1. Take the solvent-accessible surface of the protein heavy atoms, probe 1.4 Å, and return the percent of it on segment 103-261 that carbon and sulfur atoms account for.
2. Could you work out Rg/(2.2 N^0.38 Å) for segment 97-146, with Rg from alpha carbons only?
3. Compute the accessible area per residue over segment 164-269, keeping the other protein chains in place, probe 1.4 Å, unit Å².
4. Please tell me the relative contact order of segment 30-135 in percent, rounded to the nearest whole number, where contacts are Cα pairs under 8 Å and at least six residues apart.
5. Could you calculate, for segment 120-231, the ratio of the Cα radius of gyration to the Kirkwood radius, expressed as Rg to Rh?
6. Run the quick spin-label model on Glu74 and Phe162: label points 7 Å from Cα toward the beta carbon, then report their separation in nm to one decimal.
7. What is the distance, in nm, between label points placed 7 Å from the Cα along the Cα-to-Cβ direction at Arg182 and at Thr120?
8. Highest mean first, what order results for 92-100, 68-76 on Cβ atoms within 10 Å?
Amino acid sequence: PAFDLLGLYLVYTSLVEQTNGGHLPMALVIASFTTWLTAPLLFSPLPRQKLAQRDLLDFASFVSGKAGMDDPLEVVLARASKKKYRSLYELGIAHTMNEWSEQPLQINLLLLPLRLGALTLVFFTLPAAVLDFLAPFFAVLGLQWLLTALFFKFNHNNVFMFLTIPVWLIVPLVGIPLIGDRATTPKLVTRLPEYLIALLVYMATMACLKRLLLILVTLVHAIRAACFRAKQEDLEREFKMTVRACYFFFFEHQTRTIRAYMIIVINIIVSTFLVLLDCRCFGVRLHTMWLLNSHVAKASPDHSFMEGTQRPSFILDQSMNQSFGSSVVSFFRSRGDRRHGRPTNPQDGEAHLQELQGSRGIRRLMRSHPPLGSTSSRSGGANSNTSAPQQLQHQQHHIGKPPLPAGRRPLPEPSGTSGMD
């Protein structure tokens, strides 16, 4: 969908360039397809150069690989039903088979007049000067179909398949004898909008022709099954082979390959930018700090998160620098405490949280009590004669126990031995 939106935006820009008038900024449209193409990388944490190289190599082998082309079609579709794709071919052929095998014939018959009507409207709307540029594309169609036939002849050799893509680059040269000097006059760059619009109309025309052909094949198979009692298994196998041939001859595989390589280029640009942001050029990994937090961004560059000798912890001390968000939350929390009259000073009698080092190096948040001397005025002098060692023993006694409810005093320990003794 992002490439469809991008193509429509380019058509709009090209048509505006022909009128030499102003055009709308289309900021929302640009933000939509830009976010669609870059968001998977922007929200991927911890970008690294090695990970980016590995992803690009795997993706390139997925796009250019011929896995599944030599396998029977039933085996490829069986893997596709389990969402296990080994190459771009298996992904594309599974999507096409799902569209034509599982979708009812009535839906396809209903969609065909709508598509033909939309294409007819496009032909009536566009100027004839733009439609003249369709002729060079249909002129090179025979050469592309010849290369596709050689692809099937020589055991699915990808060389012939990839040669069908750069054939479109010779369209301006073929256009000179077909449409005259307008093909490259005054410059080829000034004629690129016409070629772009003609290319999109050409691809839409090929898609309508493919649908028309497959519907005709479906109707022929229905007549053979009803009148000549042909086997349903043979008809289904022949239909699947026809769909597979149309997948290559009507350039659906080629367009998927072009889009995939465009995604590879976009990934290279965005990954390089994110790696540069995370290389501590500004003293901190900006992308990791923005996506996760500043504490995770302190990880060593040669280790992944939670690896190495100095691992960043999930528990932050008060001495550590807080992020902007935590500082704002602390500010409003303290304002709320002062507004409702809740004391925040531990000397005022309010229990507060304190981090204690527990067993196995695990930090525990415990509720500590205020010093006993601060409550002497409240108890009427009952604890005024308590010595300092007893107060220290009383404080150490409550370490590691759950906090008591408000208003309850701790029970005195029995003088006898425990049950374990």
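1. Numbers: 6320 of 8710 Å².
Carbon and sulfur atoms account for 73 percent of the accessible area of segment 103-261.
2. On the way: Rg = 15.6 Å, N = 50, 2.2 N^0.38 = 9.7 Å.
The value comes to 1.61.
3. Values: 5650 Å² over 106 residues.
So segment 164-269 comes to 53 Å² accessible per residue, rounded to a whole number.
4. Working: 34 pairs, mean separation 18.9, N = 106.
Contact order relative to length: 18 percent.
5. Working: Rg = 18.4 Å, Rh = 16.5 Å.
So for segment 120-231, dividing Rg by the Kirkwood Rh gives 1.12.
6. Roughly 3.4 nm, to one decimal.
7. 2.5
8. Details: 92-100: 17.8, 68-76: 14.7.
Highest mean packing first, the order is 92-100, 68-76.
The values are calculated or read from the model by the stated rules, or taken from the named source; none is laboratory data. Values in this document were obtained by computation on a predicted structure and should not be read as measured data. Methodologically, a virtual Cβ is constructed for each residue, glycine included, from the backbone with ideal geometry; neighbour enumeration extends over all protein chains shown. With ligands, DNA and RNA removed, areas are computed over all heavy atoms of the protein, side chains included. Shrake-Rupley method; radii C 1.70, N 1.55, O 1.52, S 1.80 Å.
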